[in-house]
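What follows is a set of notes on a single structure, which appears directly below.
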């Protein structure tokens with residue numbers, strides 16, 4: 001983690017009382033901004049906070065905590081397997097190294113996904129994080145994140161982006177690469193293993209050479 005970084009939670013001090021989406025202000029527990037290492041090479045972007053993230057304020061938290069016996073995997077478990085998260089760290093304050101977690105939207109409605117307008121309202125937060133972190137690799141987690149990130153930060157037409165086909169592959173972005181991921185708890189064991197193997201290969205490569213490339 002950056003030696004000058006004081007906190008992993010909302011390290012850029014973004015507005016924690018944002019009122020840009022009145023409907024979400026009524027349903028959220030809190031605004032969930034990004035969390036992690038501001039010097040990270042790897043930026044993970046989901047669609048919206050989970051219910052537990054809304055409660056605790058940390059993106060991507062699994063329901064029931066890290067010890068839950070839920071079916072499927074979680075992003076935390078995947079990061080632990082990659083050596084990017086300390087497995088002994090608290091569930092509500094994971095110790096991430098070289099990883100930053102965020103979402104397209106910062107507030108949660110428990111009964112619906114965010115609207116296009118709500119994603120647009122949150123876009124300045126995400127753009128600011130991407131600009132300040134300047135990651136080498138962006139991981140869009142889920143279909144919505146892939147389409148939004150793909151349209152904004154790659155030259156690939158949106159109709160050519162397909163989460164099932166692009167999971168565990170590399171899509172060239174503007175100055176970085178995308179490594180799309182199906183939502184962890186929706187992955188089969190085979191899909192989880194395929195993504196982890198692809199990311200291990202990427203981590204072992206000279207991925208920093210991707211800066212400045214413009215095509216897929």
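The values are calculated or read from the model by the stated rules, or taken from the named source; none is laboratory data. For clarity, every value in this text was computed on a predicted model and none was experimentally measured. Backbone-built Cβ (ideal geometry, glycine too); neighbour counts: all protein chains shown.
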Problem - Single unsatisfied condition, residue 89 versus (1) out of contact with any strand residue (DSSP E or B) (no Cβ under 9 Å at 6 or more places or on another chain); (2) in a loop (DSSP other than H, G, I, E, B); (3) over 22 Å from residue 195 (Cα atoms) - result: (1)
Exercise for the section: From the list 126, 75, 96, pick out the single residue that is closer than 22 Å to residue 144 by Cα and in contact with a helix residue (DSSP H, G or I) (Cβ under 8 Å, 6 or more places away or on another chain). Expected result: 75
Problem - Index of the failed condition, residue 154 passing every other in (1) buried (at least 20 other Cβ atoms within 10 Å of the Cβ); (2) more than 18 Å from residue 182 (Cβ to Cβ); (3) at pLDDT 95 or above - result: (3)
Exercise for the section: Restrict the check to segment 34-42 and report whether at least one residue is crowded, with 17+ Cβ neighbours inside 10 Å, closer than 23 Å to residue 113 by Cβ and either within 17 Å of the chain's Cα centre (by Cα) or at pLDDT 95 or above (or both). Expected result: yes
Fill in the blank from the handout: Residue hits (segment 43-61; surrounded by fewer than 22 Cβ atoms within 10 Å (Cβ to Cβ) and in contact with a helix residue (DSSP H, G or I) (Cβ under 8 Å, 6 or more places away or on another chain)) are 47
Fill in the blank from the handout: When restricted to 140, 110, 94, 114, the only residue touching a strand residue (DSSP E or B) at 6+ places or on another chain (Cβ under 6 Å), outside any strand (DSSP E or B), touching a residue at least 24 places away in the same chain (Cβ under 8 Å) and under 25 Å from residue 15 (Cα atoms) is 94
Exercise for the section: Hey, can you tell me all the residues within segment 35-49 that are outside any loop (DSSP other than H, G, I, E, B) and on the phi < 0 side of the Ramachandran plot? Expected result: 35, 42, 43, 44, 45, 46
Problem - Count of segment 163-186 residues which are more than 22 Å from residue 126 (Cα to Cα), more than 16 Å from the chain's Cα centre (by Cα) and outside any helix (DSSP H, G or I) - result: 1
Handout entry: Criterion: under 15 Å from the mean Cα position of the chain (by Cα), under 16 Å from residue 48 (Cα atoms) and assigned to a helix (DSSP H, G or I) - qualifying residue of 119, 130
Key = 119
Handout entry: Selection status of residue 84, over 17 Å from residue 50 (Cα atoms), free of Cβ contacts under 8 Å to residues at least 24 places away in the same chain and more than 13 Å from the chain's Cα centre (by Cα)
Key = no
Exercise for the section: Would you confirm whether any residue within segment 79-98 is at pLDDT 95 or above, buried (at least 16 other Cβ atoms within 10 Å of the Cβ) and within 18 Å of residue 47 (Cβ to Cβ)? Expected result: no
